[in-house]
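First the structure, in the form of structure tokens, and then the observations on it.
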Amino acid sequence: MEIIIQPTPEAASVIAARLIARLVREKPTAVLGLATGSTPLATYRELIRLHQTEGLDLSAVTTFNLDEYVGLPPEHPQSYHAFMQENLFRHVNIPAARTHIPNGMAKDIPWECARYEDAIRGAGGIDLQLLGIGSDGHIGFNEPTSSLASRTRIKTLTERTRQDNARFFDGDIAQVPMHCVTMGVGTIMESRAVVLLAFGENKAHAIAEACEGPITAMNPASILQMHPTAKTVIDEPASTALRKRDYYRYVFDNKPQWQRV
Ligand code: F6R
């Protein structure tokens, strides 16, 4: 796994946005896997800037989001539908019909999960998946002990994740849904490229386990060690528990010109 340590979340997010922009310029019909939460916000701001001031054209792109809460309608301000509208979609030119987010209001959740998997497959698979990581190592909402081969399905959020996310729900954990629909770990692993972002000391332990620990369902992000091209882009505080951080810096600083982002 390539690990890129940057001084600030903003600097890390510029790298993530450049990786996405480079892909879209090379392949205008790229299929992007998108995340929500606080981590990708600066990446989305940079993508919006690239679109608005540097002509980045997203009109042929297709997107698939990782997850959605069960029971929150799209118009609920904390739904991931609303999040994506507010923080990316309404500022760029991705056609609405080509943006996909699981339907957490579906009457038949297993059917919805199978439909979502079919839609990803029908679009030709995901070219680049953007990921955050939970403080417990979850990716998407694949909580610890999730099958590392799992597909899109319903999951029960852990108490810790609901606590972490209560900040978006007026600090009230009781308002945080208990369930979500999430792409599986196996679904994520099929993405042709993966960019995992993590910022802050709160993520340092999860990042160290994901990058340097054993591959284990106890830290679902650790399966990314088996992904051929996964990149982890983090800020200084998120890097503090990594044993080989000096080596990662040395690799990044000495990249051949053609490999630079
Ligand atoms: C969001 C998602 C989650 C978040 C993770 C980190 O779509 O899939 O895995 O990336 O919970 O959340 P933040 O970024 O809010 O710390």
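The values are calculated or read from the model by the stated rules, or taken from the named source; none is laboratory data. Just so it is clear, the structure is predicted and the values come from calculations on it, not from any experiment. Glycine gets a Cβ as well: all are built from the backbone with ideal geometry, and neighbour counts include every protein chain shown. Ligands, DNA and RNA are excluded from the accessible area calculation, which covers all protein heavy atoms including side chains. Shrake-Rupley method; radii C 1.70, N 1.55, O 1.52, S 1.80 Å.
Points to keep in mind about this one:
- Taking θ as phi - 60° and the Karplus parameters 6.51, -1.76 and 1.60, the scalar couplings of the range 254-259 work out to 10, 5, x, 3, 5, 9 Hz in sequence order, x denoting glycine and proline.
- Of ALA35, ALA16, ALA123, the one that fluctuates the most in a GNM where the chain has Cα springs shorter than 10 Å: ALA123
- Above-threshold pairs, the threshold being 31 Å between Cα atoms, out of LYS27/LYS155; LYS27/LYS231; LYS107/LYS231; LYS27/LYS255: LYS27/LYS155; LYS107/LYS231
- Here the contact order of the chain, divided by its residue count and restricted to Cα pairs under 8 Å and six or more residues apart, works out to 25 percent.
- When the chain is treated as a Gaussian network with alpha carbon springs shorter than 10 Å, the biggest mean-square fluctuation among PHE64, PHE199, PHE169 belongs to PHE169.
- Converting phi to 3J(HN,Hα) with the Karplus coefficients 6.51, -1.76 and 1.60 and the offset θ = phi - 60°, the range 133-144 yields 9, x, 5, 9, x, 6, 10, x, 10, 7, 6, x Hz in sequence order, with x at every glycine or proline.
- Summed residue charge, Cβ within 12 Å of VAL261's Cβ, Lys/Arg positive, Asp/Glu negative: +4
- Extended-chain gain in nm, criterion 0.36 nm per residue less alpha-carbon gap, LYS107 and GLU75: 9.8 nm
- Note on TYR247 and ALA60: their simple-model spin labels are 4.1 nm apart, each label 7 Å out from Cα toward Cβ.
- Taking the charge dipole of the chain about its Cα centre, with +1 at Lys and Arg Cβ atoms and -1 at Asp and Glu Cβ atoms, the residue from PHE199, ILE234, GLY124 reaching farthest to the positive side is GLY124.
- Point-charge dipole on Cβ atoms (K/R +1, D/E -1) for the range 44-122, about Cα centre, debye to 20: 120 debye
- When the helices of the chain are scored as -39500 (n - 2.57) per DSSP H run of n ≥ 4 and the total is divided over every residue, the value at 222 nm lands at -9500 deg cm²/dmol.
- Taking all protein chains into account, the per residue accessible area for the range 127-180 stands at 40 Å² (1.4 Å probe).
- Per atom type, the chain shows carbon and sulfur on 54% of its accessible surface, probed at 1.4 Å.
- Seen from HIS81, the other residues with C-beta closer than 14 Å to its C-beta sum to a net charge of -4, counting Lys and Arg as +1 and Asp and Glu as -1.
- Spin-label proximity, LYS255 to the range 209-234 - amide N less than 17 Å from point 7 Å beyond Cα toward beta carbon: 228-234
- What the phi angles of the range 241-251 give under the Karplus curve with 6.51, -1.76 and 1.60, with θ = phi - 60°, is a coupling list of 9, 7, 6, 10, 4, 5, 5, 5, 5, 4, 4 Hz, glycine and proline written as x.
- Label point of LYS27 set 7 angstrom out along Cα-Cβ; within the range 45-89, amide nitrogens under 12 Å from it belong to 62.
- Loop-located trypsin sites (Lys or Arg not before Pro) in the range 203-261 (DSSP state not H, G, I, E or B) with no more than 13 neighbouring Cβ atoms inside 10 Å: ARG243, LYS244, ARG260.
- Residue-normalised accessible area of the range 213-257, expressed per residue, 1.4 Å probe, Å²: 55 Å²
- A Stokes-Einstein calculation at 20 °C with viscosity 1.002 mPa s, built on the Kirkwood radius of the range 29-70 over Cα pairs, returns a diffusion coefficient of 186 µm²/s.
- Here the dipole of the range 1-139 is about 360 debye; that uses its Cα centre as origin and unit charges on the Cβ of Lys and Arg (positive) and Asp and Glu (negative).
- A dipole drawn for the range 133-187 from +1 and -1 charges on Cβ atoms has a positive end, and of THR182, THR152, PHE141 the residue lying farthest that way is THR152.
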